[in-house]
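Taking it in order: structure first as structure tokens, then the write-up.
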Amino acid sequence: MMISDETRAFVAAHRNEDVRDLALHAGHPDGVDLTLALEQIAGWQTARAKLPDWAAHDDVWYPPHLSMEQCSSQFTATYKEGIARRLAADVSGFPSPSTLVDLTGGFGVDFSYMARAFERAVYVERQPHLCAIAEHNMPALGLDHARIVNAHAEGYLDAMPESTLVFLDPARRDTHGARTYAIADCTPDVLDMLDRLLAKTHRVMVKLSPMLDWHKTVDDFAGHVAEVHIVSTGNECKELLLVVDRGMHAAPRVTCVNDAQLFAFTPSEAADPIGSDARTSPDGYEWRYLYEPNASIMKAGCFDALARAFDAQMIGPNSHLFVAPEPVAGFPGRSFTVEGVSTMNKRELKAALDDLTHANIAVRNFPMPVAALRKKLKLKDGGNAYLFATTDDLGRHLVIRCRKA
């Protein structure tokens, strides 16, 4: 892909403008490839929010919309860089120089961050136009040690020398462009390649759909998973990352990340030998603070481990809400101060909520959806009040009124 000087100038002059409006009114400026220019402007506008480091470089080229939609954000790419840097530092038994091989290069965002941690870095991508973009972008980003290879992952794997770390982000769309989530339906099929991968590298990092059940996914890798990372940003689960190696692991360490919040555990810690009921709040336990776990914790399902780690009690075994008599520092989720608790008794509800016209409502293990409860309570959405409707360990349906702590 080549961009003319005229097209570059057009992009620089109009990159803050509305792309659809430009498409309608730009006309046919001399020497400008308008389709390419609009693609670059749209890509830069996406990168400004998603990849500010990249957007700060004027000479970066951007791919079509689908690749921009699928690429990692700066936060998730930086998180992978941290894992890669830690793995690269553990050089015992690894060939020198340290080498990263990304077998599914794509737009190259993950590669560009992880490559910083290695002496050599190889980007492999089957689509020629993405290789051309990477060939231009990596030097523009200061990654002069990056090597770009246009090849299929399977073919390159068979011929490549031993490497420190191999990264794969299998494509989650079938031949018709429809989304797919099962590992075996993605391209390439990492499970089918696993033995060949581990013959060429001690460690593999795999990025998978957050829709997958992490327990089953670990089982699918036949004991080779050393680490599981459930990565969220803005309280939206984005990625399931696995670190796979040649060893056998009965209980991989699981790390739950949501922006600056982090919580790690092993499956044995998550299984409470005395049962979840012991973690629910006993009679007389004071509910002064309420805690709602973040998206990564919800995905992991590590509620018993969370209760032990933060000395908080679950309202009920299936409520996924925690309460405590004192503030809990560092809880991985949202924190609230409890202002009142009511059953669904009309008189109690009126006394607890009579002064409200608006509220933010959430339901957890409750027999009524939010819309129906909002209608019953005659409350509009919004305001500073937060209502959590749930069921406690005694089966009572409760509405807990809170404000943000």
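State all residues of region 130-153 that are in a strand (DSSP E or B) and more than 24 Å from His65 (Cβ to Cβ); if no residue qualifies, say none.
So the first thing to find is which residues in region 130-153 are in a strand (DSSP E or B), and the list is 146-150.
Scanning region 130-153 gives Ala146, Arg147, Val149.
Based on this model, can you work out whether Ala55 counts as at pLDDT 95 or above and within 17 Å of the chain's Cα centre (by Cα)?
Details: at pLDDT 95 or above: yes; within 17 Å of the chain's Cα centre (by Cα): no.
No: the conditions fail for Ala55.
Do we find a residue being over 16 Å from Met205 (Cβ atoms) and buried (at least 22 other Cβ atoms within 10 Å of the Cβ) anywhere in region 97-109? Spell out how you get there, then give the answer.
Narrowing region 97-109 to residues over 16 Å from Met205 (Cβ atoms): 97, 107.
Narrowing further to those that are buried (at least 22 other Cβ atoms within 10 Å of the Cβ): 107.
Taking every residue of region 97-109 in turn, at least one turns out to be over 16 Å from Met205 (Cβ atoms) and buried (at least 22 other Cβ atoms within 10 Å of the Cβ).
Counting only residues that are surrounded by fewer than 20 Cβ atoms within 10 Å (Cβ to Cβ) and in contact with a His (Cβ under 7 Å, 6 or more places away or on another chain), how many does region 37-60 have?
1
Consider region 20-53. How many of its residues are in a loop (DSSP other than H, G, I, E, B) and in contact (Cβ under 8 Å) with a residue 24 or more places away in the chain?
As a first pass, look at region 20-53 and keep what is in a loop (DSSP other than H, G, I, E, B): 26-33, 51.
Cutting the leftovers down to in contact (Cβ under 8 Å) with a residue 24 or more places away in the chain gives us 30-33, 51.
Counting residues in region 20-53 that are in a loop (DSSP other than H, G, I, E, B) and in contact (Cβ under 8 Å) with a residue 24 or more places away in the chain gives 5.
Within region 228-263, count every residue that is basic (Lys, Arg) and either surrounded by fewer than 22 Cβ atoms within 10 Å (Cβ to Cβ) or at pLDDT below 95 (or both). Break it down stepwise before answering.
So the first thing to find is which residues in region 228-263 are basic (Lys, Arg), and the list is 238, 246, 253.
Narrowing further to those that are either surrounded by fewer than 22 Cβ atoms within 10 Å (Cβ to Cβ) or at pLDDT below 95 (or both): 246, 253.
Of the residues in region 228-263, 2 are basic (Lys, Arg) and either surrounded by fewer than 22 Cβ atoms within 10 Å (Cβ to Cβ) or at pLDDT below 95 (or both).
Residues are listed down the side, and each one gets a yes or a no for (1) outside any strand (DSSP E or B); (2) farther than 21 Å from Asn294 by Cα; (3) without any contact (Cβ under 8 Å) to a residue 40 or more places away in the chain:
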| residue | (1), (2), (3) |
| --- | --- |
| Leu194 | yes, yes, no |
| Leu197 | yes, yes, no |
| Val244 | no, yes, no |
| Met248 | yes, yes, yes |
| Val257 | no, no, no |
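List pairs: first in region 134-151 and under 11 Å from Gly105 (Cβ atoms), second surrounded by fewer than 17 Cβ atoms within 10 Å (Cβ to Cβ), Cβ under 7 Å, 6+ apart or cross-chain?
Asn150/Pro128
Looking at Asp393, Asp304, can you tell me which residue is in contact (Cβ under 8 Å) with a residue 40 or more places away in the chain, of a type in the set (Asp, Glu) and touching a Ser or Thr at 6+ places or on another chain (Cβ under 7 Å)?
On the way: Asp304 fails: in contact (Cβ under 8 Å) with a residue 40 or more places away in the chain.
Among Asp393, Asp304, only Asp393 is in contact (Cβ under 8 Å) with a residue 40 or more places away in the chain, of a type in the set (Asp, Glu) and touching a Ser or Thr at 6+ places or on another chain (Cβ under 7 Å).
Name, by its number, the condition in (1) buried (at least 24 other Cβ atoms within 10 Å of the Cβ); (2) among the aliphatic types (A, V, I, L, M); (3) part of a helix (DSSP H, G or I) that does not hold for Ala88.
Status for Ala88: all satisfied but (1).
If I ask for residues that are of a type in the set (Phe, Trp, Tyr) and part of a loop (DSSP other than H, G, I, E, B), which ones from region 354-405 would you list?
If the condition is that a residue be of a type in the set (Phe, Trp, Tyr) and part of a loop (DSSP other than H, G, I, E, B), then Phe366 is the only one that fits.
Let me confirm something: among Thr180, Thr187, Thr255, which residue is out of contact with any helix residue (DSSP H, G or I) (no Cβ under 9 Å at 6 or more places or on another chain) and among the β-branched types (Val, Ile, Thr)? Explain how you work it out, then say what you get.
Working: Thr187 fails: out of contact with any helix residue (DSSP H, G or I) (no Cβ under 9 Å at 6 or more places or on another chain); Thr255 fails: out of contact with any helix residue (DSSP H, G or I) (no Cβ under 9 Å at 6 or more places or on another chain).
That would be Thr180, the only listed residue that is out of contact with any helix residue (DSSP H, G or I) (no Cβ under 9 Å at 6 or more places or on another chain) and among the β-branched types (Val, Ile, Thr).
Any residue in region 168-183 that is of a type in the set (D, E, K, R) and crowded, with 17+ Cβ neighbours inside 10 Å? Walk me through how you get there before you give the answer.
If we filter region 168-183 for residues that are of a type in the set (D, E, K, R), which is where we start, we get 169, 172-174, 179.
Imposing the further condition that a residue be crowded, with 17+ Cβ neighbours inside 10 Å reduces the set to 169, 172.
The answer is yes; a qualifying residue exists.
Determine which member of the set Arg364, Arg334, Arg374 is within 17 Å of Gly395 (Cα to Cα) and out of contact with any helix residue (DSSP H, G or I) (no Cβ under 6 Å at 6 or more places or on another chain).
On the way: Arg334 fails: within 17 Å of Gly395 (Cα to Cα); Arg374 fails: within 17 Å of Gly395 (Cα to Cα).
From the options Arg364, Arg334, Arg374, the qualifying one is Arg364.
Could you check region 214-246 and list, in sequence order, the residues that are of a type in the set (Lys, Arg) and out of contact with any Ser or Thr (no Cβ under 7 Å at 6 or more places or on another chain)? Quick ask: steps written out before the conclusion?
Taking region 214-246 and keeping what is of a type in the set (Lys, Arg), we get 216, 238, 246.
Scanning region 214-246 gives Lys216, Arg246.
The values are calculated or read from the model by the stated rules, or taken from the named source; none is laboratory data. As the structure is a prediction and not an experimental result, all values here were calculated from the model. Cβ sites come from the backbone with ideal geometry, for glycine too, and all protein chains shown count toward neighbours.
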